[in-house]
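Here's the structure, in structure tokens; my notes come after.
The values are calculated or read from the model by the stated rules, or taken from the named source; none is laboratory data. What you are looking at is a predicted structure, and each value in this text was computed from that prediction instead of being measured. Counting neighbours? That spans all protein chains shown, and the Cβs are built from the backbone with ideal geometry, glycine included.
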Amino acid sequence: MDPFPSDRQSALQRLEEFVAGGVADYARKRNFVQDRHGNVSRLSAALRHRLISEEEVLAAVLAVHRFPAVEKFVQEVVWRTYWKGWLEQHPGVWEDYLRHSPLAPSLPPSGGAMDRFTDELGTTGYMHNHARMWWAAWWCHQHGLPWAAGARFFFDHLLDADAASNTLGWRWVAGLQTPGKAYLARPDNVAKYWEDHDSLGGIDDGVRARIPAETADRSRVVLPEYPEAPPLVPGKVALAGHADDLSIETTPLGTVRPDAVALIGQPGETDSAVKLAWRSRAMDDASVRWTSHYGTSVARLTRWDALGAWVRENGCDTLVLMAPFVGPEADAWRPVRRKLQDAGLRVVECRRSWDQRLFPAARAGFFPFWHKARPVLSARRS
């Protein structure tokens, strides 16, 4: 089986195995970095692309385990929702990252303990979350390199690279997300949680935080109002899917009976070969599932700007899709949407009820958000 499931059925199987086994020990073992990463679910890439959803994962866990016993795992899953909701309300932070990330890929320094993780990232497209924190701190504070360049390096390689989690996580390590509070990698912490380390070479215990100047517009914007399901509309309907949500058949869009279906798979210009291959497999899986579900072949578009011609070729009057999140998909979609609407096409963007309920609470730090989200989640099974 793929160590990081790239199809929905494998992701559901991995979830079932984790519910039966690892989730009970997650709180105690999650910070320990192991080969093959048996202490964590390894579902982050599937969640990022919504081969399975956060709601599905927590429903499966809470159907078997009492909430207090798995609260730490629930909390970690909901961190992804929190980051997304926060960035949706502070898009200026994503724009700041784009301004400061290099046009060409950055290469990390070499030498020392962090080389193991650099090699793992290049080979597998994955790095344990604790190791990501050490690595980012080593980049930002020990080497004094720009946080946005490090974030770009991760984004190019991580299978689970998400605009919100990646950008805001790097800002937190750098000392920007929580102003004045940076994260530093210390040899004793690395030695405690990484049993396989050969040495702690290259990790300086005397490093002090090098917090950069804030350049982002952190103003909060009002969240757009999206329906969960499209209204009944006359004429021919086109349905488009994309990499931010690859299981739209499990949403209210599953009840749509489209005249044409397309899947947009626009890769990042500097994505690694490993990331491109994983994403291609995930797209193939979505295409097969949607062909079966909607009863029509799925057109594969390699760029968002091909959408207009495809809609016209199919003679459709309405385009329905899940609204992309702040990040590369939304950036590519925005000018296309304007052109389609200017041409008189009806565009209906939808959003899952999970996001609609939880995103508005992501206005400040995580723990005020968790204070609001926890009662809703714990009510599922106490």
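A few comments on the model shown:
- Selected residue [under 23 Å from V207 (Cβ atoms), out of contact with any Gly (no Cβ under 6 Å at 6 or more places or on another chain) and touching a residue at least 12 places away in the same chain (Cβ under 8 Å)] from A148, A182: A148
- Enumeration of residues in segment 113-128 that are assigned to a loop (DSSP other than H, G, I, E, B) and either among the small types (G, A, S) or at pLDDT below 95 (or both): A113, M114, G125
- Boolean, V336 is assigned by TED's automatic domain parsing to the domain that holds I248, surrounded by 17 or more Cβ atoms within 10 Å (Cβ to Cβ), touching a strand residue (DSSP E or B) at 6+ places or on another chain (Cβ under 9 Å) and aliphatic (A, V, I, L, M): no
- Per the conditions (1) touching a His at 6+ places or on another chain (Cβ under 9 Å); (2) buried (at least 22 other Cβ atoms within 10 Å of the Cβ), the sole criterion not satisfied by N31 is (2).
- Here A11 passes the criteria (1) part of a helix (DSSP H, G or I); (2) without any contact (Cβ under 8 Å) to a residue 40 or more places away in the chain except the one numbered (2).
Each row is one residue, and each column tells you yes or no for (1) of a type in the set (S, T, Y); (2) surrounded by fewer than 17 Cβ atoms within 10 Å (Cβ to Cβ).
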residue	(1), (2)
W86	no, no
W94	no, no
P105	no, yes
T118	yes, no
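- The criterion of at least 2 residues that are under 23 Å from E88 (Cβ atoms), aromatic (F, W, Y) and under 20 Å from the mean Cα position of the chain (by Cα) is met, among helices (runs of 4 or more DSSP H) falling completely within segment 129-179, by 147-157, 163-174.
- Options R50, R80: the member that is at pLDDT 95 or above, outside any helix (DSSP H, G or I) and charged (D, E, K, R): R50
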